[in-house]
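Please read the structure below before turning to the comments.
The values are calculated or read from the model by the stated rules, or taken from the named source; none is laboratory data. Just so it is clear, the structure is predicted and the values come from calculations on it, not from any experiment. Here the Cβ positions follow ideal geometry from the backbone for every residue, glycine too, while neighbour counts run over all protein chains shown. Accessible surface areas use protein heavy atoms only, side chains included; no ligands, DNA or RNA. Shrake-Rupley method; radii C 1.70, N 1.55, O 1.52, S 1.80 Å.
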Amino acid sequence: MDFSLDERAEAFRAEVREFLRAHLTDEVRARVAASGTYHDAEFHRAVADRGWIGAAWPVEDGGQGRDRADMDILYEEMAAAGAPVEGLSVTLIIAETIRRAGTPAQKERILRPVREGRLLLSLGYTEPDAGSDLAAARTRAVRDGDGWRIDGQKNFTTHAHEADYVFLLARTDPQAAKHAGLTMFLVPTSAPGFSYAPVHTLSGERTNITYYSGVRVGDDARVGAEGQGWEIVSLALAFERGGEFAAQLRRLVHATVGWAHAAGRTEDTRLLRRLGRVVAATEVSRLLGARATWLRSTAMAGAVEGAMAKVYATEALLRGSGELLDATGADGLLGPDSPGAAADGELQHLYREAQISTLYGGTSEVLRGVVAERRLGLPRSRRR
Amino acid sequence: MDFSLDERAEAFRAEVREFLRAHLTDEVRARVAASGTYHDAEFHRAVADRGWIGAAWPVEDGGQGRDRADMDILYEEMAAAGAPVEGLSVTLIIAETIRRAGTPAQKERILRPVREGRLLLSLGYTEPDAGSDLAAARTRAVRDGDGWRIDGQKNFTTHAHEADYVFLLARTDPQAAKHAGLTMFLVPTSAPGFSYAPVHTLSGERTNITYYSGVRVGDDARVGAEGQGWEIVSLALAFERGGEFAAQLRRLVHATVGWAHAAGRTEDTRLLRRLGRVVAATEVSRLLGARATWLRSTAMAGAVEGAMAKVYATEALLRGSGELLDATGADGLLGPDSPGAAADGELQHLYREAQISTLYGGTSEVLRGVVAERRLGLPRSRRR
Amino acid sequence: MDLELTADQRDVAEAFARVFARDSSAERVRAAEASGFDPALWKALAGMGAVGLTVPAGAGGSGGGFVELALVAEAAGRRLACVPLVEAAVAARLLADAGVADVAAEAAGGERVVVFAARPAVAGVARLVPAGAVADAVLALDGDDLVLAAGAPGQPVRDLGFQAAADRPLRGDGVESRVVASGAEAGELWTRSRDRWRLATAAACAGMAAEALDVAVRYAAQREQFGVPIGSFQALQQPLADAAMAADGAVLVAREAAWRHDNGLDSWPAAAAVAFAHAAESAVRCAELCLHVHGGYGYTLEYDAQLYLRRAKATRLGAGDPDLLWEQIGATAIGKGAP
Amino acid sequence: MDLELTADQRDVAEAFARVFARDSSAERVRAAEASGFDPALWKALAGMGAVGLTVPAGAGGSGGGFVELALVAEAAGRRLACVPLVEAAVAARLLADAGVADVAAEAAGGERVVVFAARPAVAGVARLVPAGAVADAVLALDGDDLVLAAGAPGQPVRDLGFQAAADRPLRGDGVESRVVASGAEAGELWTRSRDRWRLATAAACAGMAAEALDVAVRYAAQREQFGVPIGSFQALQQPLADAAMAADGAVLVAREAAWRHDNGLDSWPAAAAVAFAHAAESAVRCAELCLHVHGGYGYTLEYDAQLYLRRAKATRLGAGDPDLLWEQIGATAIGKGAP
């Protein structure tokens, strides 16, 4: 039993922190706040310049052969610092899927530009009537000559307005069983017939609704075989991790501690009790996340454990951010854009953001069902 | 809108309190604690002597024609004082059902002795394999000459060892649909073939498992028509109320306030916060219960509202008793039988008792489902 | 006991429900969101006598009770009305109680927007007063003095609850201060008004809780996932049922507190504290659940869930750290000794 | 990072799991319930070196670490062992650290039952010490002194957790007192031992949480209601899944705290506080849920659910009001300043 990260990993953490001090400037933060996009092209390229995009890929794929734990450190530190890392994160999930399941030509087209920070990818899974039920997608892709014609609509295609491709789940066989009639595509956002409209959210983050109106793509846009869309989604979902959420809790602790000192509340027992609970939840979340990473690194699966880490951390974030905001009283009414805001509005911002955390990447209810069935071995509930 | 109880009702409350001061002696309390039975024959008869058993029945049925609110006051004050009122409560639920659905001969046999405190009745619904699913009862009643032969087993037949009858739900037609093959009986505990074994519980309360081995009863033991057992159970369930649970919360507040004074903890903010929450929950529970009673008195139903009052109060009791016990720290380790126990062990006792409160009379999960369907109009969940 | 509204009460509740449905529709709330104040709605309410509802008829009001105010506040909460109804109604009544007849009449009629600050001022400034960015005057406790401070509206901030919150200095340049009461009298007047603010705001919170729940239930009943309405999943039914208990309880405790007040029962301030603590918590709980039930949509600004969440959380925060209130309720129970 | 146990650690865990399965079966626990102490189990554990596990080999122990003790405590918690394993192991190590060689050796070998009191004495009495009703001696902080008080076992009480709790006077008639350390040294020794008690007791709580959850899941998977296993209802699956996260988390935080201790990291006392706070809460939560999942049966003395509930709640209460610990954890985070 060894809970330590090895020396190399610790050195990497130090390197990431140093990088953030240099590159996560107030200017970058201001741009992110103004755009509502948790992606910043300049910052993104600086990360790429270090070779950290795809750093866990083998050297023959252009990576640095780092372990997964290193990537976790990267995400964790970035999330804890509030760096704009969502575009990077989504891009890597898709690129990783291409690396495993793409054609040589797709890898050629995608992997190097991704590594170099020149290509941004976005997810097109969910639809207005689908929500958590991804396999209910109705966006159609129809054979058209040697390619495909795509018509439909996707929700929550974050970064679509600056991305190069959408990783799009479409129905290619409406006669086939729900999960069997799907195929995955990589649709260029430059294609005629593609458009988007911004969707603004409670935390100020911007996402998009994307429209596909007679969008033509070649067959080389297809990822995986026809009818294998669900397998590709499942593969991609396995690359979503939970480490960021423990890091969000760290951000919450950090902001609260800073505020307590600034506001002279370091001995307020009401605050201390609530903070103590969040500190403990942070440690538990960190370890649940670390366990999932370790299991994945040893090829002992880890998907259910990842779900556990995600639900535990995000529920703690929702509850804890609400309670710590309560501790600020009326000063908590002010957000990041108001002078005199408690913790510069960070607590309020985290409370707003926390509302979505228990929903995306699988709602808490769906994931608890996964845990009940696959970790506890309980009989399947009659969900569908 | 008028939240007051009328003067007559308030006078009745005062009368009940005065009665409790006179009759709920330390001797009675000691007997209850020793026997684990929340019924005390002497106390029960004293209640009967006041005419309070069946007091809400019309005068022609031997009652006092009181309103339901009076009966609620009676139960509430008794529960808040910790009086042994469970035997009385169960007896009245059954007697009320007989009064509505029994034959004239059954009414003759049951109602007067019940009113006079000479007859105790107990419930035989649930079975080892049935639990919440009462309609799954397997205890068999088979036609046998002009009567019935009963074989089977019932769980949680509280007071069976001192009761005169068990109100027994039995399967008379195993071929019929689950809910259609049931019939209700009033089985004398003096019948040959009836036996019981005590079952002891976490709170020290005693209940019983009852056995029926070739028990012979006449057809006059049947309550309602053959095959109508489920209708009779439903009728009886409607007479279960929720008022006692708000009273249990009052007991919890009372015990905590007493302890805070005795232990010099009246300014402990940790205690005050938790107490404040329980005080609020007590008020909310009281009003939810009063609403259900009021709706019933105006014949606007009130069953769903009763379920809401029950779940709210019992969940608050479970949470609140646990948190207030926490506030006592290590002194809470001692129970009612140990000198030096915090609050004379009452907080620990209430915490133990609270564990069953969210289970009997419908589990919180089942009742929340009822609320979701009947109060919120949500589609039926796939429970069965 | 009779929980049914009287005919008069029903008339009040229904009349105002109609007004808010028309003049505080989702579109109107969104239009008023940036400023936190809807002047047309204010005018409509003032015209119906809502602001002076509890001010005696002789003092320029309608001579109603807090039960009626609670019913109006409940309806306002349901529609997230962008007006300081409770703050102004409590201020007008306070001014009438204190014998400041001229201002009381103007305040009651709504010609001047005068609002009560539910937290004492600190260093001569009433901080983040709801409607402080639009009010003509603020009534606040400044040390031992109860001060009516008129002057230019405060600098608006983007407050969580779009309530036109702003700091209001009680003295200094451009502020016309008038001490309405001092010492023990000021304390008594202020405490009584704070408790009235609590009970009426509790009613507003109860309305928010009930409406957020209704919005969630309507969505859950029609939204399908995995081939069935999501409202048929026990995983959502269970928390929705719990929310229904909390919301119904909030309506009951708020109305009862108002009833106790109007019937002169000594217990009304304690009831007001319980009502506010429970109703404010329930509003946040129902709004969070409402957002969650809506999935990703709930998080977008296009849906109303986030509006309920923000107003509910802000209303709760506006009274200060909720723990202090729970402690106060506990202390009251202990102070009464063993019941 | 490698969360797998080493071969040695696995041997320890498995060997003790076997011992507890045999010598702390449900029957044995019930037999020991009245006294709160199972002498035969004690003897078996002592014979395997469990009591002196962390005492250096030269001082009569096995020279193991707190990771091993945590693994044994976890197994003990799973089986509700009726022995003061953690209290005695911590006491033996403290005596060795303090150089009280003779008693340390006897305590480590289990010939004398010497237990550590995790709360300071009040007015010269160590109150409600687990195993105080059977121990030959108690180690407790009495003001500025760390006192070893030998004497007749205390008067047993019927404690919630069937842990043979009793008050132990540290001086007076029939008590042989020995001051082991004084002043700052006593405070340091005691605090370090209290933190060790926390991490090992956290492990015991994690074991209770995990086992109570397993018991609940096994029952939910086989018990049928309404024609299907109750474990297929989302209404039970959801809280069971939450309990699994809490329980797995408890095992991880407890083991990591022990690992930090053994690796000499300065952060181990803070980790021990977090581990105890979380694991004790999780144990109560899992036990309450276990009882609830069993329906009426869980409430009867025939089923084990109530035993887990009582031991879990008692272990938590035994450390005092949990709020104080949460506050301490918060204060530690604040004390470190902005991280």
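Answer yes if at least one residue in region A:8-18 is open to solvent by less than 60 Å² (accessible area, probe 1.4 Å), touching a helix residue (DSSP H, G or I) at 6+ places or on another chain (Cβ under 6 Å) and farther than 30 Å from D:ALA70 by Cβ, and no otherwise.
yes
Give the residues of region D:1-39 that are within 14 Å of chain A (Cβ to nearest Cβ), part of a helix (DSSP H, G or I) and either open to solvent by 70 Å² or more (accessible area, probe 1.4 Å) or under 20 Å from A:THR298 (Cβ atoms) (or both), sorted by residue number. Quick ask: steps written out before the conclusion?
Going residue by residue through region D:1-39, those that are within 14 Å of chain A (Cβ to nearest Cβ) are D:1-13.
Next, from what is left, pick out any that are part of a helix (DSSP H, G or I): D:7-13.
If the condition is that a residue be within 14 Å of chain A (Cβ to nearest Cβ), part of a helix (DSSP H, G or I) and either open to solvent by 70 Å² or more (accessible area, probe 1.4 Å) or under 20 Å from A:THR298 (Cβ atoms) (or both), then D:ALA7, D:ASP8, D:GLN9, D:ARG10, D:ASP11, D:ALA13 are the ones that fit.
From the list A:ALA95, A:ALA80, A:ALA141, exactly one residue is under 27 Å from A:ALA290 (Cα atoms) and not assigned by TED's automatic domain parsing to the domain that holds A:VAL28. Which is it? Talk me through it step by step, then tell me what you get.
On the way: A:ALA80 fails: not assigned by TED's automatic domain parsing to the domain that holds A:VAL28; A:ALA141 fails: under 27 Å from A:ALA290 (Cα atoms).
Matching residue, one of A:ALA95, A:ALA80, A:ALA141: A:ALA95.
For region B:111-134, give me each residue that is closer than 19 Å to B:THR210 by Cβ and not in a loop (DSSP other than H, G, I, E, B).
Of everything in region B:111-134, those that are closer than 19 Å to B:THR210 by Cβ and not in a loop (DSSP other than H, G, I, E, B) turn out to be B:LEU121, B:SER122, B:LEU123, B:GLY124, B:LEU134.
Quick check on region A:10-20. Is at least one of its residues assigned to a helix (DSSP H, G or I), closer than 20 Å to A:LEU295 by Cα and at pLDDT below 95?
There is at least one residue in region A:10-20 that is assigned to a helix (DSSP H, G or I), closer than 20 Å to A:LEU295 by Cα and at pLDDT below 95.
Can we say A:GLU42 is within 23 Å of A:GLY204 (Cβ to Cβ) and open to solvent by 50 Å² or more (accessible area, probe 1.4 Å)? Let's see the steps before the verdict.
Values: within 23 Å of A:GLY204 (Cβ to Cβ): yes; open to solvent by 50 Å² or more (accessible area, probe 1.4 Å): yes.
Considered against the rule, which asks whether it is within 23 Å of A:GLY204 (Cβ to Cβ) and open to solvent by 50 Å² or more (accessible area, probe 1.4 Å), A:GLU42 comes out as yes.
Of everything in region A:45-58 that's open to solvent by 60 Å² or more (accessible area, probe 1.4 Å) and in a helix (DSSP H, G or I), which residue is nearest to A:ALA81 (Cα to Cα)? Talk me through it step by step, then tell me what you get.
Quick first cut of region A:45-58, residues open to solvent by 60 Å² or more (accessible area, probe 1.4 Å) only: A:45, A:49-50.
Now narrow it down to the ones that are in a helix (DSSP H, G or I): A:45, A:49.
Values: A:ARG45: 18, A:ASP49: 19 Å.
In this case the residue turns out to be A:ARG45.
I'm checking my understanding of the structure. Among residues of region B:173-216 that are within 14 Å of chain D (Cβ to nearest Cβ) and not in a strand (DSSP E or B), which one is surrounded by the fewest Cβ atoms within 10 Å (Cβ to Cβ)?
B:ALA177
If you scan region B:310-348, which residues turn out to be of a type in the set (A, V, I, L, M) and on the phi > 0 side of the Ramachandran plot? So that I can check it myself, show each step before the final result.
If we filter region B:310-348 for residues that are of a type in the set (A, V, I, L, M), which is where we start, we get B:311, B:313, B:316-318, B:324-325, B:327, B:330, B:333-334, B:341-343, B:347.
Within region B:310-348, just B:ALA343 meets the criteria.
Looking at region B:150-173, which of its residues are more than 18 Å from the chain's Cα centre (by Cα) and either of a type in the set (S, T, N, Q) or at pLDDT below 95 (or both)?
B:GLN153, B:THR172
When residues of region C:245-266 are filtered for being facing another protein chain (nearest Cβ under 10 Å) and either more than 15 Å from the chain's Cα centre (by Cα) or open to solvent by 10 Å² or more (accessible area, probe 1.4 Å) (or both), how many remain?
Total satisfying the criteria: 13.
Could you please let me know if D:ALA271 is within 9 Å of chain A (Cβ to nearest Cβ) and either of a type in the set (S, T, N, Q) or part of a helix (DSSP H, G or I) (or both)?
yes
Which count do you get for residues in region A:324-350 that are within 24 Å of the chain's Cα centre (by Cα) and either open to solvent by 10 Å² or more (accessible area, probe 1.4 Å) or more than 7 Å from chain C (Cβ to nearest Cβ) (or both)?
Final tally of qualifying residues: 6.
A:THR157 - would you say it is under 30 Å from A:ILE53 (Cβ atoms), within 14 Å of chain C (Cβ to nearest Cβ) and of a type outside the set (D, E, K, R)?
Against the criterion (under 30 Å from A:ILE53 (Cβ atoms), within 14 Å of chain C (Cβ to nearest Cβ) and of a type outside the set (D, E, K, R)), A:THR157 qualifies.
Restricting to region B:361-382, name every residue that is without any contact (Cβ under 8 Å) to a residue 24 or more places away in the chain and surrounded by fewer than 19 Cβ atoms within 10 Å (Cβ to Cβ).
If the condition is that a residue be without any contact (Cβ under 8 Å) to a residue 24 or more places away in the chain and surrounded by fewer than 19 Cβ atoms within 10 Å (Cβ to Cβ), then B:GLY377, B:PRO379, B:ARG380, B:ARG382 are the ones that fit.
Provide a single number: the residues in region C:282-306 that are without any contact (Cβ under 8 Å) to a residue 60 or more places away in the chain and within 14 Å of C:ALA210 (Cβ to Cβ).
Result for region C:282-306: 1.
Give the number of residues within region A:291-308 that are within 7 Å of another protein chain (Cβ to nearest Cβ) and at pLDDT below 90.
1
Could you go through region D:111-127 and let me know if any residue there is in a helix (DSSP H, G or I) and open to solvent by 20 Å² or more (accessible area, probe 1.4 Å).
no
Restrict the check to region C:312-330 and report whether at least one residue is more than 26 Å from B:GLY320 (Cα to Cα), within 15 Å of the chain's Cα centre (by Cα) and not hydroxyl-bearing (Ser, Thr, Tyr).
Looking through region C:312-330, at least one residue is more than 26 Å from B:GLY320 (Cα to Cα), within 15 Å of the chain's Cα centre (by Cα) and not hydroxyl-bearing (Ser, Thr, Tyr).
Return the total of residues in region D:307-339 being without any contact (Cβ under 8 Å) to a residue 40 or more places away in the chain and within 18 Å of D:ALA272 (Cα to Cα).
Matching residues across region D:307-339 total 10.
Taking B:ARG143 and the conditions (1) more than 14 Å from every other protein chain (Cβ to nearest Cβ); (2) open to solvent by less than 20 Å² (accessible area, probe 1.4 Å); (3) not β-branched (Val, Ile, Thr), which numbered condition does it fall short on, given that it satisfies the others?
Result: B:ARG143 fails condition (2) only.
Could you list, in sequence order, the residues of region C:214-232 that are under 16 Å from A:VAL366 (Cβ atoms), in contact with a strand residue (DSSP E or B) (Cβ under 9 Å, 6 or more places away or on another chain) and at the interface with chain B (Cβ under 7 Å from one of its Cβ atoms)?
C:ALA220
Considering only residues of region B:217-261 that are free of Cβ contacts under 8 Å to residues at least 24 places away in the same chain and within 14 Å of chain C (Cβ to nearest Cβ), which is most open to solvent (accessible area, probe 1.4 Å)?
Among residues in region B:217-261 that are free of Cβ contacts under 8 Å to residues at least 24 places away in the same chain and within 14 Å of chain C (Cβ to nearest Cβ), the one most open to solvent (accessible area, probe 1.4 Å) is B:HIS261.
Conditions first: (1) exposed (fewer than 14 other Cβ atoms within 10 Å of the Cβ); (2) farther than 24 Å from A:VAL90 by Cβ. A:MET1 passes all but one, so which condition is the exception?
(1)
Can you name the residue in region A:309-323 that is surrounded by fewer than 24 Cβ atoms within 10 Å (Cβ to Cβ) and either under 19 Å from D:PRO239 (Cα atoms) or within 10 Å of chain D (Cβ to nearest Cβ) (or both) and, of all such residues, is farthest from the chain's Cα centre (by Cα)?
Once the filter is applied, the top-ranked residue is A:ARG319.
Look through region A:267-290, keep the residues that are of a type outside the set (A, V, I, L, M) and within 14 Å of D:MET245 (Cα to Cα), and return whichever of them is nearest to the other protein chains (Cβ to nearest Cβ).
Among those residues, the one meeting the criterion is A:GLU283.
Taking region A:246-280, which residues are part of a helix (DSSP H, G or I) and small (Gly, Ala, Ser)?
Going residue by residue through region A:246-280, those that are part of a helix (DSSP H, G or I) are A:246-262, A:269-280.
Listed by number, the residues that qualify are A:ALA246, A:ALA247, A:ALA255, A:GLY258, A:ALA260, A:ALA262, A:GLY276, A:ALA280.
Could we say that D:PRO239 is more than 9 Å from every other protein chain (Cβ to nearest Cβ), surrounded by fewer than 23 Cβ atoms within 10 Å (Cβ to Cβ) and in a helix (DSSP H, G or I) here?
Working: more than 9 Å from every other protein chain (Cβ to nearest Cβ): no; surrounded by fewer than 23 Cβ atoms within 10 Å (Cβ to Cβ): yes; in a helix (DSSP H, G or I): yes.
Answer is no for this residue.
Any idea which residue in region B:260-308 is farthest from B:SER357 (Cα to Cα), counting only those that are among the basic types (Lys, Arg) and more than 27 Å from the chain's Cα centre (by Cα)?
The first filter runs over region B:260-308 and keeps only residues among the basic types (Lys, Arg), leaving B:265, B:270, B:273-274, B:277, B:286, B:291, B:296.
Imposing the further condition that a residue be more than 27 Å from the chain's Cα centre (by Cα) reduces the set to B:265, B:270, B:273-274.
On the way: B:ARG265: 28, B:ARG270: 26, B:ARG273: 24, B:ARG274: 20 Å.
Checking each candidate, the answer is B:ARG265.
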